[in-house]
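**Q** Dumping the structure here so I can ask a few things about it.
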Amino acid sequence: LVSLVRHALQLDDELAPYPEVVQRRYRDWLAAQEAAGRAFSDEQRWWLDKIAEVIGLNLNVSSDDFGYGELFDRGGWVRARQSLGADLPALLQELNETLVV
């Protein structure tokens, strides 16, 4: 629906499924992070990949999303924070802003 509205308003040239658009933006974000010298471990990438998936499906991600589903099964907010660090809230905000646009 988001992609359809953006296309109708001529904000996007192509009509693509929104999760695909988010994944393309996520890949661009990862490339920019790597170019800036930031590397992610396999575990961190798992969390980041799942966060991007949630954004693609729900238009955003919040700490509440770590209370169920795959994020919860993997250890929830506590485990994500251990993996991604104390800046997890700021990282979620950055991903929400960068991937949704």
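The values are calculated or read from the model by the stated rules, or taken from the named source; none is laboratory data. Owing to the predicted nature of the structure, the values given are computational and were not obtained by experimental measurement. Cβ coordinates were reconstructed from backbone atoms using ideal geometry, including for glycine residues, and neighbour counts include every protein chain displayed. Quick note on the areas: whole protein, heavy atoms, side chains included, nothing else; ligands and nucleic acids left out. Shrake-Rupley method; radii C 1.70, N 1.55, O 1.52, S 1.80 Å.
**Q** With the requirement that a residue be under 14 Å from Leu48 (Cβ atoms), over 14 Å from the mean Cα position of the chain (by Cα) and either among the acidic types (Asp, Glu) or outside any loop (DSSP other than H, G, I, E, B) (or both), what does the stretch 71-91 give you?
**A** Residues satisfying the conditions are Arg79, Arg81, Ser83, Asp87.
**Q** Here's something else I'd like to know. State which residue is nearest to Asn58 (Cα to Cα) when the search covers only the stretch 72-96 and only residues that are of a type in the set (Asp, Glu) and open to solvent by 100 Å² or more (accessible area, probe 1.4 Å). Lay out the reasoning, then the answer.
**A** Going residue by residue through the stretch 72-96, those that are of a type in the set (Asp, Glu) are 73, 87, 94.
Restricting the remaining residues to those that are open to solvent by 100 Å² or more (accessible area, probe 1.4 Å) gives 73, 87.
Working: Asp73: 19, Asp87: 22 Å.
Of everything passing the filter in the stretch 72-96, Asp73 is nearest to Asn58 (Cα to Cα).
**Q** So in the stretch 53-70, with the set limited to residues that are among the polar types (S, T, N, Q) and in a helix (DSSP H, G or I), which one is modelled with the highest pLDDT?
**A** Let us first name the residues in the stretch 53-70 that are among the polar types (S, T, N, Q), namely 58, 60, 62-63.
Then keep just the ones that are in a helix (DSSP H, G or I); that gives 58, 63.
Numbers: Asn58: 91, Ser63: 96.
Top of the filtered list is Ser63.
**Q** Does the stretch 17-25 include one or more residues that are open to solvent by less than 70 Å² (accessible area, probe 1.4 Å) and without any contact (Cβ under 8 Å) to a residue 12 or more places away in the chain?
**A** Looking for residues that are open to solvent by less than 70 Å² (accessible area, probe 1.4 Å) and without any contact (Cβ under 8 Å) to a residue 12 or more places away in the chain, one finds none in the stretch 17-25, hence no.
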